[in-house]
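Down below is the structure, laid out as structure tokens.
Please treat every number below as a calculation from the coordinates, not as lab data. Since the structure is predicted, the reported quantities are computational estimates derived from the model, not experimental observations. Cβ coordinates were reconstructed from backbone atoms using ideal geometry, including for glycine residues, and neighbour counts include every protein chain displayed.
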Amino acid sequence: MSAPEVTGHRLGPPDGIPVGEGRAFAVGDRQIAVFRLRDGGLRAMDALCPHAGGPLADGQVDATKVVCPLHNYTFSVADGSCGNGDFEVTVYPVREERGEVVVDL
């Protein structure tokens with residue numbers, strides 16, 4: 001019996017993303033920020049803040065939000081809504097599959 005096929009975009013092992021931090025990846029024609037939460041969960045969203053293009057992967061992240069490092073806009077890791085502005089980012093399904101981080105666009 002063969003192993004199940006990995007679907008989506010493979011980004012490498014989760015150890016490449018330190019716990020409590022994010023990393024940016026080129027996925028297809030998009031830049032995606034993937035975060036490894038302190039509880040081990042993974043979250044993925046657009047990598048650029050829609051306010052001024054700040055690098056969201058470099059922002060502070062907790063269980064519910066990421067804070068843009070440029071101007072402190074906050075974005076929900078669950079739905080991409082902005083907690084303090086009229087912006088939003090797209091969130092993407094992300095998971096660990098066969099020892100790799102996999103994101104679906």
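What whole-number volume per residue, in cubic angstrom, does the convex hull of the C-alpha atoms of the chain give?
Taking only Cα atoms, the chain has a hull volume of 91 Å³ per residue.
Which longest run of the chain has no exposed loop site in it, a site being trypsin sites (Lys or Arg not before Pro) in a DSSP loop with at most 12 other beta carbons within 10 Å, and the site itself not part of the run?
Formally, the longest exposed-site-free interval is 39-97.
What whole-number distance in Å separates the alpha-carbon centres of the range 13-33 and the range 35-66?
Cα centres, the range 13-33 to the range 35-66: 9 Å.
Within the chain, which cysteines find no other Cys whose Cβ is under 4.7 angstrom from their own?
C82
Starting from 0.36 nm per residue, how many nanometres of slack lie between A63 and T90 once their C-alpha separation is accounted for?
8.0 nm
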